[in-house]
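Computed from the coordinates by the stated procedures, all read-outs in this text should not be read as laboratory data. As the structure is a computational prediction, the values presented were derived from the model and not from experiment. Please note: Cβ atoms are built from the backbone with ideal geometry, for glycine as well, and neighbour counts cover all protein chains shown.
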Amino acid sequence: MTDFYCDKDYCDSCEMEYFQLIEALISNIKHLESKTVYLRFTLSNYMPLHRAELLRSDIFSDLSGSHIDLPAFQRYISACCNGIDPLDDKKHCKLLKKLSMGEEVTNL
């Protein structure tokens, strides 16, 4: 990682842009998770049965890592999300579950 000196005045003035960037990245992570699950399910339909079962059993593996230990993410959660991790969203989890079972979802 690059060493970065954070000037207090600069940080205070750019905090909202910083939070907007985090929101955009969260949106991208959720979109990529959805696409990954959808494509894994679709791919499993073209594989031999034993390989397809393995892929479906691991359909959620290696999606996104945990960002909860990062100070910037903790600050964002505290300031913008009432202390709730936005990557642990019930609506998104339901979407992933539907995709993992091959249900059609139109808003991907």
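A few notes on this one:
- Counted residue by residue at 0.36 nm each, then reduced by the alpha carbon distance between them, the extension gain from K90 to L39 reaches 16.3 nm.
- This model, with +1 at the C-beta of Lys and Arg and -1 at the C-beta of Asp and Glu, gives the range 26-100 a dipole about its Cα centre of some 340 debye.
- Square roots of five times the Cα gyration tensor eigenvalues for the range 54-108, Å: 27, 15, 7
- Residue with peak Gaussian network fluctuation, the chain [Cα springs, cutoff 10 Å], from H92, H50, H67: H50
- Folded to 0 to 90 degrees: helix 90-100 orientation relative to the chain principal axis, Cα: 30 degrees
- Relative contact order, percent, the range 26-100 [alpha-carbon distance under 8 Å, six or more residues apart]: 41 percent
- Among Y76, Y18, Y38, the residue with the largest mean-square fluctuation in a Gaussian network model of the chain, with springs joining Cα atoms closer than 10 Å, is Y18.
- Computed over the alpha carbons of the chain, Rg followed by Dmax gives 17.9, 60 Å.
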